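To keep things clear, I will list the structure first and then write my remarks on it.
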Amino acid sequence: MATEAQIHKDFQARMERDLAELLPELEAYNKLKPSLLAQRGMFALVKNKQLIGVFPTAEAAYVEGVKKFGNVPMLIVQIMDQEPIHKQPSLVVGLRSASP
């Protein structure tokens with residue numbers, strides 16, 4: 001049985017791998033964003049540095065992404081002038097015992 005430390009280590013490795021995979025998608029979205037602002041509030045699906053489509057809900061974008069690519073990391077982002085800043089206490093995201 002995996003220890004809590006091993007589970008955390010595996011989770012952290014997966015998050016870092018997924019984030020690294022999504023950075024090129026985010027860069028592609030940021031380049032496309034000015035042309036997408038006419039569709040504010042909709043959700044863009046970006047995979048392989050390409051805009052796959054714009055959807056009315058995040059769920060619709062996800063369903064289309066899974067149909068086309070399977071259950072793999074893909075960027076689904078709401079089209080907004082400025083992305084909101086989210087604040088969460090460290091306890092919520094599991095950083096209560098974090099160390100540098």
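Can you tell me which residue in the range 1-51 is nearest to Gly70 (Cα to Cα), limited to those that are surrounded by 10 or more Cβ atoms within 10 Å (Cβ to Cβ) and of a type in the set (Val, Ile, Thr)?
Ranking the candidates gives Val46 first.
Out of (1) part of a helix (DSSP H, G or I); (2) over 13 Å from Met74 (Cα atoms), what's the single condition that is false for Gly41?
Among (1) part of a helix (DSSP H, G or I); (2) over 13 Å from Met74 (Cα atoms), Gly41 violates only (1).
Do we have any residue at all in the range 26-38 that's part of a loop (DSSP other than H, G, I, E, B) and either within 16 Å of the chain's Cα centre (by Cα) or not small (Gly, Ala, Ser) (or both)?
no
Val77 is checked against (1) under 15 Å from the mean Cα position of the chain (by Cα); (2) of a type in the set (Val, Ile, Thr); (3) at pLDDT below 90 and fails just one. What number does that condition carry?
(3)
The values are calculated or read from the model by the stated rules, or taken from the named source; none is laboratory data. What you see is a predicted model; the values in this text were computed from it and never measured. Virtual Cβ from ideal backbone geometry, glycine too; neighbours counted across all protein chains shown.
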